[in-house]
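For reference, the structure is listed below as structure tokens.
The values are calculated or read from the model by the stated rules, or taken from the named source; none is laboratory data. Just so we're clear, the structure is a prediction, and the values are computed from it rather than from any experiment. Neighbour counts run over all protein chains shown; Cβ positions are idealised from the backbone, glycine included.
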């Protein structure tokens with residue numbers, strides 16, 4: 001399974017967002033964190049900004065919705081051209097219905113789990129999703145430390161996916177750096193969101209390549 005790096009722009013210079021996205025040409029995706037100051041205690045940007053980013057870059061957009069009522073709002077991001085749309089299990093009223101709608105609109109459908117949310121209720125529904133995002137920090141702010149207690153959840157998720165024989169990705173988001181990515185890859189994650197590690201590096205693209213190499217060496221699918 002391919003190792004994918006999806007840098008988050010949350011820790012970039014948002015006043016020059018198009019330029020900041022242009023600094024991560026070695027990435028596989030650009031990760032866009034949409035926060036509504038309700039589901040999480042932070043406010044970022046919404047659909048108009050995401051549409052502008054999609055129009056200005058050749059990188060596919062990996063949109064992470066940390067918002068209330070994703071069943072209402074998520075389809076618009078797929079319609080705008082997002083390659084992947086992630087919504088939170090804790091916020092969705094009908095996650096399977098929403099995932100099917102996102103797929104019908106041409107986006108990969110992904111479900112996100114906060115650190116304290118178990119994966120077990122969703123294991124029988126895994127084929128409805130293209131990706132499971134295991135949050136490795138509490139969502140809402142960049143720059144937090146990786147929670148190692150999420151690693152068993154990643155392993156259980158990967159074991160369930162392997163048993164199904166399906167190409168379902170596991171993404172991790174939060175505290176991903178050259179010091180932590182091997183742990184997550186060794187547990188079975190294959191897509192990595194790195195914000196601070198990439199955008200605070202002297203050479204973001206070199207950092208992306210370093211992260212990819214470490215994850216590739218450590219990956220256990």
Just to check your reading of the model, which residue among 99, 93, 107 is touching a helix residue (DSSP H, G or I) at 6+ places or on another chain (Cβ under 7 Å), more than 21 Å from residue 189 (Cα to Cα) and at pLDDT 95 or above?
93
Test set (1) without any contact (Cβ under 8 Å) to a residue 60 or more places away in the chain; (2) surrounded by 21 or more Cβ atoms within 10 Å (Cβ to Cβ); (3) more than 13 Å from the chain's Cα centre (by Cα) - residue 17 fails condition number:
(2)
Looking at residue 211, is it surrounded by fewer than 20 Cβ atoms within 10 Å (Cβ to Cβ) and either assigned to a helix (DSSP H, G or I) or touching a strand residue (DSSP E or B) at 6+ places or on another chain (Cβ under 8 Å) (or both)?
no
All conditions in (1) under 20 Å from residue 199 (Cβ atoms); (2) touching a helix residue (DSSP H, G or I) at 6+ places or on another chain (Cβ under 7 Å); (3) assigned to a loop (DSSP other than H, G, I, E, B) are true of residue 58 except (2)
Failed criterion for residue 78 (all others in (1) crowded, with 21+ Cβ neighbours inside 10 Å; (2) within 20 Å of residue 167 (Cα to Cα) hold)
(2)
At pLDDT 95 or above, farther than 20 Å from residue 5 by Cα and buried (at least 19 other Cβ atoms within 10 Å of the Cβ) - does that describe any residue in the stretch 140-153?
yes
Against the definition (crowded, with 17+ Cβ neighbours inside 10 Å, in a loop (DSSP other than H, G, I, E, B) and touching a helix residue (DSSP H, G or I) at 6+ places or on another chain (Cβ under 6 Å)), how does residue 175 come out, yes or no?
no
Taking the stretch 20-55, which residues are surrounded by fewer than 21 Cβ atoms within 10 Å (Cβ to Cβ), under 20 Å from residue 206 (Cβ atoms) and touching a helix residue (DSSP H, G or I) at 6+ places or on another chain (Cβ under 8 Å)?
20, 23, 25, 26
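Scan the stretch 111-121 for residues that are surrounded by 15 or more Cβ atoms within 10 Å (Cβ to Cβ) and touching a helix residue (DSSP H, G or I) at 6+ places or on another chain (Cβ under 8 Å) and jot them down.
Scanning the stretch 111-121 gives 111, 113, 115, 119.
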